[in-house]
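Everything on this sheet refers to the single structure shown next.
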Amino acid sequence: MLFRGAIEMYTTPFPMSGLDGGRRTFRLHGFLTALLLALAALVVPLPASAATGDVGVEGPSHSGTGTPTGTKRSTSNLWFHDGIWWGNLWDTASQDFEIFQFNASTSQWTSKNVTTDTRASTHHDVLWDGTTLYVASYRFVNDGVAAQPNYPTTLHRFSYNPSTKTYTRLGSSQINNYRVEALTIDKEQSSGRLWATWQQGNRIYMNVTGTDGKTWGTPFPHPASLSNVSIDDTSSVIAFGGNKVGVMWSRQVGDATDGMYWSVHADGAANTTWSNPVAAVDGVRSGDDHMNLKWLDSSSDKVFAAIKTSFTSSSQPLIQLLALDPATSAWSKHTIATVAECPNRVIVLIDEASERIRTFATYPKPSGTTNAGVCTSSGGAIYEKSTPLSDISSIGTAQKIPRIVDADQYVHNVTSTKQNLNSSARGTANSGVLLLADVSSTSRYWHYYDPTGGSGGSDTTAPTLTSTSPADGATGVAATANVTGTFSEAMDSSTLTSSTFTLKNGTTVVPGAVSLDGTSKVATLDPAGNLTAGTIYTATISTGAKDLAGNALASAKTWTFTADATPPTVTATTPGDGATGVAVATNVTATFSEAMNGSTVTPSFTLKNGTNAVSASVVLDSTGNVATLNPAADLAAATTYTATISTGAKDLAGNALASAKTWTFTTAPAGGSTSQTTTLTATADTYVSSGAPTTNFGAGAMLGSDNSPVEVAYFKFDLTGLAGKTLESATLQLRSAGSGSTGTQNVKLIADDSWTETGITYSARPTLGSGIGTLGPTTTNTNYSIALTASAIASELGQQLSLGMDANSSDGLDLNSRETAYAPKLVLTYH
């Protein structure tokens, strides 16, 4: 990989016989240097010969600029005209962006020496309308950074001469005066006016030209209140139906109104007259600032959008295909890939000739390459998923085909054209498809070109098994566990049966049912009975398993695991063994070393006064690790009780308790002073976000704690009933939601209790005080208990207590709020 591109073109050795000294060598080197420079000025380097594992073609260098194909996927950098593919690429010789011509026969890019922008740190959106080329060029800000004034966004216009196949600049005009995260343009089909959209000041903004297509008006915000967004939101505009313009934008403010919104403007209406926004998707984390829009020319008003969500659970969709129904103006949503597949930065293209919809996105790299399978925001490889327009709901199970792979580096930021492929209406008849992407580590463009009418070609890639459960060599596997295998692509369910997916105990086949999930990627073997404790099992998936194209599994997969044979133990009890002065209203608890089978714990946990059994109920908490015995009535004063958990209590694998556990405690004398424990539920909770500084999130089901953007969770507890008590211990109980964190969260005191759940915002938030507890790292949907410094809270007894939680890491944590079944709680022990 070190000698690709321009170097490879010129490394054919010259004969060295006759060279007799440094001066003659120096003169030859000088000649070669001059020759190289001259050639470089004339031709973009030939594509490098492919390394093993490469897919697509490595193109010219873009050294001198950063992410020339953009980062948000709403923009386009290529267009097709006059039977030729063209691109807006960086030229290293001139150090500017120029119009390049793609030579399909040689896979070379050649500059036409027409500059589109001299600014290196710019992104672009390119529109070819059949007669004029428009290039919108803007300085950009990174994720989470507000738009910045005094950075002009410029529209450049160019004409085309078909005789010479050259472009000529017509002029430039200013769209806005802001540095923004993303900006797109499109042109009204009835009047010739150009529209642009972007986000600034937490609003979705727009501008429009006159009918001359070049004179811009004054930028204005979209009139809908839902166009109030966070600084990390973006928008995209598209002309469709012959007489309309639509704009889609993301809204990520952290409440139920989050999502992707769509609003329409009729050609000829007042600039600020737009339809009420329709939620294409809605709900917390349902949207993100990645979107790519296309209109089906052969339809009336059918628009498609490829979007990214912000979901974090493995089975949730991370990229989706949305489709606008012209009859109802409602959007349908279809999963392209889930969180588990780790896709990113998706675009959509429509092939009108073959009537297919084609999506392209970054996924983890394939096996046999450097960093294969790694899920990272740095990139991966560009894959395609396509499906007939008549069956878009099948896009999630479509074959995933690699289109651009650099075997040694990460590829990212795929782009293409606004035009539909192979469409006479768009001037793209026989266009095939061309994709352009970026390898930032080597500053090289990469491209994929398919001249075959855009059909995508046939799938000849063998599927692989990417993960198993239980993992190979796993021990302590639950007796009730199923066995699963996850494949690299959708599989043919008829080839995954009890003969191709087997489980054995030694040589004995374990009977079970085999099924394939909704994505056709996860096969599950459900044994007919429980596994036997301490037994080694062998699972096998044979090469009889095939993908939807009939390709057999690359190789058979065999793995082993051992069913749990470790007996559980009781690790802690309350009250402790031998405790005295125990409150008569106390419950009795036992904590186990692992999750238990509740049906076996309930009859095995007893409490006695001498030989008399105490009537009580027994429940197991949500983790399965803590059993609580709740007496039907208060215990008698000054009495010794005996608690027992017998070996009838078993773990989930069926292993009995290692030994029975018995302990005693004595209640306090009547009227005596003893410790008491009370659990308080938060009376108010919310969070604030620097990404939406004036937004209140008090009604939401989620609390956030993050460092980028800054998110701080707030909790309030009513301690007025504890005046005069002496605090012994304090514990904050929280449950994580759909996002865990590898970082640390800090619980801090807040002196100002005047904040309210429905009024607090980031701009009007109380100051955090000293730290009194920490949490982290955390996982999703898990209960956590945070020990707090009791002495710091003691002075709060008898009044309101306010706590805040901030974070040291940009890997944020989501928590359940009191609006859910897992409200934050404060456990206090006092006397």
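The values are calculated or read from the model by the stated rules, or taken from the named source; none is laboratory data. Computed from a prediction, not measured in an experiment: that's the story for all the values here. Cβ placement follows ideal geometry from the backbone for every residue including glycine, while neighbour counts extend to all protein chains displayed.
Determine if segment 405-412 includes at least one residue that is more than 19 Å from residue 60 (Cβ to Cβ), touching a residue at least 40 places away in the same chain (Cβ under 8 Å), of a type in the set (D, E, K, R) and surrounded by 24 or more Cβ atoms within 10 Å (Cβ to Cβ). Among the residues of segment 405-412, not one is more than 19 Å from residue 60 (Cβ to Cβ), touching a residue at least 40 places away in the same chain (Cβ under 8 Å), of a type in the set (D, E, K, R) and surrounded by 24 or more Cβ atoms within 10 Å (Cβ to Cβ), which makes the answer no.
Go through the residues of segment 430-442 one by one and say whether even a single one is hydrophobic (A, V, I, L, M, F, W, C), touching a residue at least 12 places away in the same chain (Cβ under 8 Å) and outside any strand (DSSP E or B). No, segment 430-442 contains no residue that is hydrophobic (A, V, I, L, M, F, W, C), touching a residue at least 12 places away in the same chain (Cβ under 8 Å) and outside any strand (DSSP E or B).
Just to be sure, is residue 262 of a type in the set (Phe, Trp, Tyr) and touching a His at 6+ places or on another chain (Cβ under 9 Å)? No; evaluated as a whole, the condition is false for this residue.
The conditions are (1) of a type outside the set (Ser, Thr, Tyr); (2) surrounded by 14 or more Cβ atoms within 10 Å (Cβ to Cβ); (3) part of a strand (DSSP E or B); (4) within 35 Å of the chain's Cα centre (by Cα), and residue 120 fails exactly one of them. Which is it? Answer for residue 120: the failing condition is (3). When each of 659, 646, 675, 708 is tested for being under 32 Å from the mean Cα position of the chain (by Cα) and either surrounded by fewer than 17 Cβ atoms within 10 Å (Cβ to Cβ) or in contact (Cβ under 8 Å) with a residue 12 or more places away in the chain (or both), the lone residue that passes is 708.
In this structure, residue 286 does not qualify as over 22 Å from residue 338 (Cα atoms) and not basic (Lys, Arg). In this structure, residue 399 does not satisfy being at pLDDT 95 or above, in the same structural domain as residue 262 (by TED's automatic domain parsing) and either closer than 17 Å to residue 490 by Cβ or part of a strand (DSSP E or B) (or both). Among the residues of segment 694-702, some residue qualifies, meaning at least one is out of contact with any Cys (no Cβ under 8 Å at 6 or more places or on another chain), assigned by TED's automatic domain parsing to the domain that holds residue 739, part of a strand (DSSP E or B) and not charged (D, E, K, R). Under the condition of being in contact with a helix residue (DSSP H, G or I) (Cβ under 8 Å, 6 or more places away or on another chain), in contact (Cβ under 8 Å) with a residue 40 or more places away in the chain and under 25 Å from residue 702 (Cβ atoms), the residues counted in segment 280-315 number 3.
Among the residues of segment 280-293, those that are more than 15 Å from the chain's Cα centre (by Cα) and at pLDDT 95 or above comprise 280, 281, 292, 293. Summed over segment 608-643, residues that are over 49 Å from the mean Cα position of the chain (by Cα) and not small (Gly, Ala, Ser) total 11. I'm trying to understand the selection: among the residues of segment 796-814, which are of a type in the set (A, V, I, L, M, F, W, C) and at pLDDT 95 or above? Within segment 796-814, 801, 803, 805 qualify. Residues of segment 324-372 that are touching a helix residue (DSSP H, G or I) at 6+ places or on another chain (Cβ under 6 Å) and buried (at least 19 other Cβ atoms within 10 Å of the Cβ): 335, 336, 357. Looking at 778, 761, just one residue is under 22 Å from residue 701 (Cα atoms) and either free of Cβ contacts under 8 Å to residues at least 60 places away in the same chain or in contact with a helix residue (DSSP H, G or I) (Cβ under 6 Å, 6 or more places away or on another chain) (or both), and that residue is 778.
With of a type in the set (Ser, Thr, Tyr) and closer than 30 Å to residue 395 by Cα as the only criterion, which of 495, 574, 600 stands out?
Unique residue meeting the criteria: 495.
In summary, strands (runs of 3 or more DSSP E) completely within segment 152-217 and bearing 2 or more residues that are among the small types (Gly, Ala, Ser) and either at pLDDT below 95 or surrounded by fewer than 22 Cβ atoms within 10 Å (Cβ to Cβ) (or both) occur at 166-179.
Residues being under 22 Å from residue 819 (Cβ atoms), over 29 Å from the mean Cα position of the chain (by Cα) and not charged (D, E, K, R): count how many of those fall in segment 732-753. Number satisfying all stated conditions: 2.
So, in segment 278-293, exactly how many residues are in a loop (DSSP other than H, G, I, E, B) and small (Gly, Ala, Ser)? I'd like the intermediate steps shown before the answer.
First pass over segment 278-293, keeping only residues in a loop (DSSP other than H, G, I, E, B): 283-290.
Pick out the ones that are also small (Gly, Ala, Ser) and you get 283, 286-287.
Adding up the residues that qualify gives 3.
Restricting the search to strands (runs of 3 or more DSSP E) fully inside segment 505-612 and requiring at least 2 residues that are closer than 30 Å to residue 463 by Cβ, touching a residue at least 12 places away in the same chain (Cβ under 8 Å) and not polar (S, T, N, Q) gives 512-516, 522-527, 536-541, 557-563. Taking segment 479-504 as the range and being in a strand (DSSP E or B) and of a type in the set (Val, Ile, Thr) as the test, the residues that pass are 483, 484, 486, 502. When residue 624 is tested against (1) in a loop (DSSP other than H, G, I, E, B); (2) under 24 Å from residue 481 (Cβ atoms); (3) assigned by TED's automatic domain parsing to the domain that holds residue 470, exactly one condition is not met: (3).
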